[in-house]
Amino acid sequence: MGLGPRSSHAAGRRFPAGGKRDRRAKGSGRPPSGRQPQPCPPSEGRTEPLTDAHPHLSAEALGYFRRALSALKEAPETGEERELMVHNVLKEVEAQALALATNRTGSEMLQKLLEFSPLKPLCRVWVALRPNLRFVACHRCGVHVLQSALLQLPRLLGSPAEEEEEEEEEEDGKDGSLETMEELVLGLAAEVCDDFLFYCGDTHGSFVVRTLLQVLGGTLLDSERARHRGSQSPEAQRAPSRECKPTDFEVPETFLNCLQDLSSCFLKDIAVFITDKISSFCLQMALQILHRKLPQFCAHLCNAVIGYLSSRNSSADGSPLLLFLRDQTSSRLLEQVLLVSEPARLQSLFEDHFQGHLQTLAAHPIANFPLQRFLDAVTTPELLSPVFEELSPALEAVLAQGHPGVVIALVGACRRVGTHQAQVLQLLLEAFHCAEPASRQVACVPLFAALMAYEVYYGLAEEEGAVPAEHQVEMATARDLGEVTVLGSLLLQHLLHFSSPSLVLRSLGALTGPQLLTLAQNPAGSHVLDAVLTSPSVTRKQRRRVLKTLKGQYVALACSRHGSRVLDAIWSGAALGARKEIAAELGERNQELMRDPFGHHVARNVALTTFLKRREAWEQQQGAVAKRRRALNSILED
């Protein structure tokens, strides 16, 4: 349904929150004095690492490593005693590395032990596993040990060899010829390169390839580290996913050369990496890393992908690329291609493949996701204008089909490029049935947050063709704030960063104190208040007008996980007079705050005890803080 006359079906519109697609495809280290007894090493049989396909780890050995790990966690973070413990435990690990790595419990412990490991002991463990690399890399437990070893590189890569103790070299004559970490990583890359299709196509081996690509490029992605942790921790598995925030670290030039050589392997079998679900993940990772480190080669890979897909048989309704946008596996790869493409490439993709098909893609259960990434990548008005012209008439229909992500991405593009902002806001008001009569516009914030049309949110029954009723302020203020969805929160954040957010601010100002408190205490809604506080488009006067509604709610805000964070942000930007008001209100219920874990933090941040007992000293302290903040702001503005 478009944006024409409302029908009986349109009058009761509750927009689905968004569709989801299936995305599965120690000899004995000395414990510190006064702590638990020193763990005893396993008895006999510690000679060469096991090389059979099913190495066995005895219960006695498992118990030893468990006790050793516990002792290490309790030991002081630095000192000779701890270093000796680590050295001895990892010496035992070296002898049973394969058995540990391929045992579920042993693998988890070995991963934790590697986090304590200095450079040379980790290299020895790596060397012990190398004869069985293929077996370990494709083992459901062993793969995580290899990943963990690779993820230690940012910490250890620059460690000078001379930092190791001389006794260590005297103990083991092999140390003189021990390979460096750089040589071990390059050796692993060479072995992977020799059988690239196998490692990329294996469920477990592909994790090693993806981690290796990050290490060679000197960039770690949070999403991959979280997935690695999640494979072992149920708590991490339940944690919400966040946007990737890459962490860069220095790598030798040989790593970047090796990264390019390894990435060249994708070109030899590009069809496999486009169509195979597991292998495709490796190519997606390569594009992310190359985009940051070797952009020219990244563009070369993107051209190879688009060239291959464009050469397939044409679909009945246009470019062959459209068929792949609807495919579960290749659409994921195309999402990444769109995100790393330069503006000129995006423009040509739109003109050659997408133009005239955007509404069809937006309605498709799979193709709407790469369309969202395409919109996320738009940065020029020359591209946004034809895209907006084609998509905007179907905005309400897209919402009704359960694909609000497309609408949020379009609004985000308008925010980023700085054009079509007034138009898209008007279309949103019409889609949520609060454009006419004008009195309904003040209700837009709760509607956008809940992704519900006006009639659904307020439980009205309007017949087809009936004149929409005026907004009833009493009805709006009497009810609790409705659901705040994640996508609704994102929509409001974008709108608050528009060049003219006055309508949204007016709607926020119309909320009652309890309603605004509910918004601030909500995990998604609290970010709407963040946008009010940080948007450069919101003036100080507009900000005060919205936030004054929270007066009388500060204690409830302080005693909430998310509300306390909002209150901290309000406090950071508040003038001395506003700080006095906040502190005075909090001081009336000081004991309640001190008993609450979140309130206790807020009370400390506000220096509430000083405020209650030494007001003059508190005012001097806050005045000095305000003066420093003004000085810093003037420097930043200059």
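Structural remarks
- Residues Arg104 and Val625, FRET efficiency given R0 of 56 Å [Cβ-Cβ distance, rounded to 0.05]: 0.60
- Shown here for region 341-443: chymotrypsin sites (Phe, Trp or Tyr not before Pro) in loop regions (DSSP other than H, G, I, E, B) with at most 16 other Cβ atoms within 10 Å, of which there are none.
- Each label point was placed 7 Å from the Cα along the Cα-to-Cβ direction; for Leu267 and Ser70 their separation is 5.6 nm.
- Contour minus Cα-Cα distance for Glu83 and Asn590 (0.36 nm per residue): 177.9 nm
- Between Ala461 and Arg540, the FRET efficiency estimated from the beta carbon spacing at R0 = 35 angstrom works out to 0.25.
- The distance between label points at Leu197 and Leu256 comes to 3.2 nm (points 7 Å beyond Cα on the Cα→Cβ vector).
- Residues in region 471-593 average 44 Å² of solvent-accessible surface per residue, probe 1.4 Å, ligands and nucleic acids excluded.
- Residue pairs exceeding 22 angstrom between C-alpha atoms, taken from Lys112/Lys277; Lys245/Lys277; Lys91/Lys112; Lys580/Lys627; Lys245/Lys293: Lys112/Lys277; Lys245/Lys277.
- Highest-first packing order for the peptide set 293-303, 602-612, 532-542 is 602-612, 293-303, 532-542, based on the mean count of other beta carbon atoms within 10 Å.
- Note on Lys548 and Arg506: their simple-model spin labels are 1.7 nm apart, each label 7 Å out from Cα toward Cβ.
- Eigen-decomposition of the gyration tensor built on the alpha-carbon atoms of region 261-353 gives equivalent ellipsoid semi-axes of 20, 16, 11 angstrom, largest listed first.
- Expressed as a whole percent, the accessible surface of region 410-517 that belongs to carbon and sulfur atoms is 55, based on a 1.4 Å probe.
- In region 527-579, the C-alpha radius of gyration followed by the widest Cα-Cα span (Dmax) gives 10.6, 30 angstrom.
The values are calculated or read from the model by the stated rules, or taken from the named source; none is laboratory data. Here the structure is a predicted model, which means the values were calculated and not measured. Glycine also receives a Cβ, built like all others from the backbone with ideal geometry; neighbour counts cover every protein chain displayed. Each accessible area value is taken on the protein alone, full model and side chains, heavy atoms only, with ligands, DNA and RNA left out. Shrake-Rupley method; radii C 1.70, N 1.55, O 1.52, S 1.80 Å.
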